[in-house]
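To start, the structure under review is shown below, and the notes come after it.
The values are calculated or read from the model by the stated rules, or taken from the named source; none is laboratory data. Remember, predicted model here, so these are calculated numbers, not experimental data. Here Cβ is always computed from backbone atoms with ideal geometry, including for glycine, and neighbour counts include all displayed protein chains. In case anyone asks, the SASA skips ligands and DNA or RNA and just uses the protein heavy atoms, side chains included. Shrake-Rupley method; radii C 1.70, N 1.55, O 1.52, S 1.80 Å.
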Amino acid sequence: QLLGFRTYIPPYSRARGLDLLRGANYASGAAGIRQETGSNLGAHTSMDEQVTNFGNTVQQLSRFFRGDNASLNSYLNKCIYYSGMASNDYLNNYFMTDFYSTNTQYTPQAFASVLLQEYARQLSQLHSLGARKVIVTAVGQIGCIPYELARFNGNNSRCNDKINNAILYFNSGLKQLVQNFNGGQLPGAKFVFLDFYQSSVDLAENGKSYGFDVIDKGCCGVGRNNGQITCLPLQQACENRSKYLFWDAFHPTELANILLAKASYSSQSYTYPINLQQLAML
């Protein structure tokens, strides 16, 4: 809305012809940077496949530009690309030890390093396909979501610090990656690091001032913290969702997302090195 879109951009699976000029959403539930991430939840489109789908989009767009590559590249360079990856690589891979062996294969530092190496390759591929203005997000405080709280028996901490500490290795590495890309590693690149981790800390710590009464339970869910099983079909949700930081076992409510969007768009509270409005104007 802040960027002037009247409605959501269409999903890639349904975007056809000139629709693609409005943009496309390549996202896929449970997908990760790593190919195997989320496979416990069924079929999905990994980051590698999402990048391939963007490549297919570029090929389709070239027809509208009648082979004029300079005009096509100029168009692609103005677009904004948003990539919110890695949370599933922790949730539905590294910390899901019943299904995955990465936890025994890698220390938290080594896993973050492997993730960043793969992610850097994928983002470089996006750049080679014409992407220049790219927003990448830090992983939020996963150790504090209702899903993890329902499974955590901590003595001194409300959240699972083991999970949060592991994520910090990835987040600091991602910020460094943004610096490297902007510093000449990817010519013409204008990457913005969006700090979901810090924003989730602030929303939880200052919940009352934002109107949140409940910061540790989902508005809709089952069991402890409404997080043991996420929101089910036909289930009764809480009466006033704007009082809840979390909608379900995993995701923030609409109000939490709007607060983050506004802060990221017009201030630099959670963006580096510029905010999203400045990125749009470049």
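Observations on the model:
- Residues in region 251-262 that are touching a helix residue (DSSP H, G or I) at 6+ places or on another chain (Cβ under 7 Å) and either part of a helix (DSSP H, G or I) or at pLDDT below 95 (or both): Leu255, Ala256, Leu259, Leu260.
- For the criterion of being charged (D, E, K, R) and more than 25 Å from Cys220 (Cα to Cα), Glu118 passes.
- Matching entry among Gly183, Gly130, Gly154 (being farther than 26 Å from Cys219 by Cα, open to solvent by 30 Å² or more (accessible area, probe 1.4 Å) and not basic (Lys, Arg)): Gly183
- Consider region 208-239 and keep the residues that are under 24 Å from Thr137 (Cα atoms) and more than 22 Å from the chain's Cα centre (by Cα). The one that is surrounded by the most Cβ atoms within 10 Å (Cβ to Cβ) is Phe212.
- In region 145-166, residue farthest from Pro252 (Cα to Cα) [restricted to those that are of a type in the set (A, V, I, L, M, F, W, C) and in contact with a helix residue (DSSP H, G or I) (Cβ under 6 Å, 6 or more places away or on another chain)]: Ala166
- When Ala204, Ala263, Ala280, Ala249 are checked against the criterion of being touching a Ser or Thr at 6+ places or on another chain (Cβ under 9 Å), within 30 Å of Gln176 (Cβ to Cβ) and in contact (Cβ under 8 Å) with a residue 24 or more places away in the chain, Ala263 stands alone in meeting it.
- Of all residues in region 25-58 being more than 27 Å from Phe170 (Cα to Cα) and of a type outside the set (Ser, Thr, Tyr), the one that is least open to solvent (accessible area, probe 1.4 Å): Val58
- For region 129-181, taking the residues that are touching a strand residue (DSSP E or B) at 6+ places or on another chain (Cβ under 9 Å) and among the basic types (Lys, Arg), the one that is modelled with the lowest pLDDT is identified as Arg158.
- Within region 193-207, considering residues that are among the polar types (S, T, N, Q) and open to solvent by 40 Å² or more (accessible area, probe 1.4 Å), the one farthest from Met85 (Cα to Cα): Asn206
- Being open to solvent by less than 40 Å² (accessible area, probe 1.4 Å), closer than 12 Å to Gly32 by Cβ and touching an Asp or Glu at 6+ places or on another chain (Cβ under 8 Å) holds for only one residue in Tyr90, Tyr100, and it is Tyr100.
- Pick from region 59-87, criterion part of a helix (DSSP H, G or I), among the hydrophobic types (A, V, I, L, M, F, W, C) and open to solvent by 20 Å² or more (accessible area, probe 1.4 Å), ranking: farthest from Phe191 (Cα to Cα): Phe64
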